[in-house]
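See structure below.
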Amino acid sequence: MAVVASGALLWRKEKDGLKVLLIHRGRYDDWSWPKGKLDKGEGISEAAVREIKEETGLKVSLGPKLFECKYELDNGSKKIVHYWSAQVSDSALRKQKFEPDEEVSSFKWVTPSEAKKLLTYEHDNDPLVALIELYDSNLLETKPIIVLRHAKATPRDQWKKGEVTRPLLPTGLVQAAALTTTLNAYAPKLAVTSNWKRCKDTILPYLNKFKIKHSERSQLSELGSKNGPKRTTKLIQKLIEEGKGAVICTHRPTLPTIVKALGSYGNKDQRKELEEVLSMKPAQFFVLHMSKASGKKPSKIVAIESVAPAFDD
């Protein structure tokens, strides 16, 4: 079985251009990207954010996924490292608390060309190439639009009090709790949910912990989307055009309308990829990393990734 790890290429824009952060590991005397193995029961995206905080003292959220490095360790086993991009804000730098230890002895902000010279391992160049391509295309700075299907709910035939109040199952409540750290890897600033109970309860643990703005919208309910698909489409467009990172919690029957609305921001291949959203499992979500609109240049899809539910019995 392969060893799985996660990390990110931390970046920021300075007066003299793009800078990326390399770490030096004294134990191995090498230069590489911050990364680490998953804890038990941990997802790859939340592991990346945790490892970055532990190794660099920086709190970040994930941007577009860059690359999956696959290589063989000295003992012959396989290793897979998932890399994202992650912008480091001025605020994160001010709050950074770094203490050298046996794992990471130091770090250095360098230009991409300097990074290529310093990196110890050839495979670490692959995510750097992907990062530079996004930067050169002015697509590195993004905001997440997260489409989340509500967690596992009581079956329809076992609830006689109406769809509006149909609650989550115990498994669904566990899924909702697990979503807290997974969603936080992308740090949406706004939660927009259907006004039906199972959607609101899916996002509630995240809201309780991070106190972000929350809005209930009937356009995201099954009935609202069925009776007014154009209103649902307008809501999705508004959320994208506002330029804030947002998580949208909705129902399976609403997904075709949402997917169609999102598809207008992507190319042919991305619209094809979005078809996978239609078969989402309960508590699964897709992250659309959207470019920032600029002047007459509208926002568009830069990358799409799927995040599986933490528990799926």
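For segment 145-257, list the strands (runs of 3 or more DSSP E) that sit wholly inside it and hold at least 3 residues that are in contact (Cβ under 8 Å) with a residue 60 or more places away in the chain, within 15 Å of L288 (Cα to Cα) and in contact with a Leu (Cβ under 9 Å, 6 or more places away or on another chain); which are they?
Working: elements: 190-193, 213-216, 246-250.
Where strands (runs of 3 or more DSSP E) fall fully within segment 145-257 and carry at least 3 residues being in contact (Cβ under 8 Å) with a residue 60 or more places away in the chain, within 15 Å of L288 (Cα to Cα) and in contact with a Leu (Cβ under 9 Å, 6 or more places away or on another chain), they are 246-250.
Close Cβ contacts (under 6 Å, 6 or more residues apart or on different chains) running from residues in segment 41-61 that are in the same structural domain as A8 (by TED's automatic domain parsing) and within 15 Å of H82 (Cβ to Cβ) to residues that are polar (S, T, N, Q) and in a helix (DSSP H, G or I) comprise G43/T182; E46/T181; E46/T182. Counting only strands (runs of 3 or more DSSP E) wholly contained in segment 6-73, the ones carrying 1 or more residues that are of a type in the set (S, T, N, Q) and surrounded by 15 or more Cβ atoms within 10 Å (Cβ to Cβ) occupy 30-32.
Scanning segment 276-313 for residues that are assigned to a loop (DSSP other than H, G, I, E, B) and within 17 Å of I236 (Cα to Cα) yields K292, A293, P298, S299, K300. Would you point out which residue out of V307, V302 is within 17 Å of A187 (Cα to Cα), of a type outside the set (D, E, K, R) and out of contact with any Cys (no Cβ under 6 Å at 6 or more places or on another chain)? Matching residue, one of V307, V302: V307.
Picking from residues in segment 187-201 that are surrounded by 18 or more Cβ atoms within 10 Å (Cβ to Cβ) and of a type in the set (G, A, S), the one that is nearest to the chain's Cα centre (by Cα) is A191. Quickly run through segment 242-286 and pick out the residues that are within 29 Å of V174 (Cα to Cα) and surrounded by fewer than 18 Cβ atoms within 10 Å (Cβ to Cβ). Residues satisfying the conditions are K244, R252, P253, P256, E275, E276, L278, S279, K281.
Hey, does segment 91-101 have a residue that's under 19 Å from S6 (Cα atoms) and either modelled with pLDDT of 95 or more or in a helix (DSSP H, G or I) (or both)? Outline the logic, then answer.
Start the filter on segment 91-101 by keeping residues that are under 19 Å from S6 (Cα atoms), which leaves none.
Scanning segment 91-101, I find no residue that is under 19 Å from S6 (Cα atoms) and either modelled with pLDDT of 95 or more or in a helix (DSSP H, G or I) (or both), so the answer is no.
It is to be established whether one or more residues within segment 105-114 are within 19 Å of D126 (Cβ to Cβ) and crowded, with 22+ Cβ neighbours inside 10 Å. For segment 105-114, residues within 19 Å of D126 (Cβ to Cβ) and crowded, with 22+ Cβ neighbours inside 10 Å: absent.
From L239, L235, which residue is crowded, with 17+ Cβ neighbours inside 10 Å, more than 23 Å from T180 (Cα to Cα) and either within 18 Å of the chain's Cα centre (by Cα) or at pLDDT 95 or above (or both)?
Working: L239 fails: more than 23 Å from T180 (Cα to Cα).
The unique qualifying residue is L235.
Of the residues making up segment 104-144, those that are assigned to a loop (DSSP other than H, G, I, E, B) and within 30 Å of V247 (Cα to Cα) number 5.
The values are calculated or read from the model by the stated rules, or taken from the named source; none is laboratory data. A quick note: this is a predicted structure, and the numbers were derived from the prediction, not measured. For neighbour counting, all protein chains shown are included, and Cβ atoms are generated from backbone atoms with ideal geometry for every residue, glycine included.
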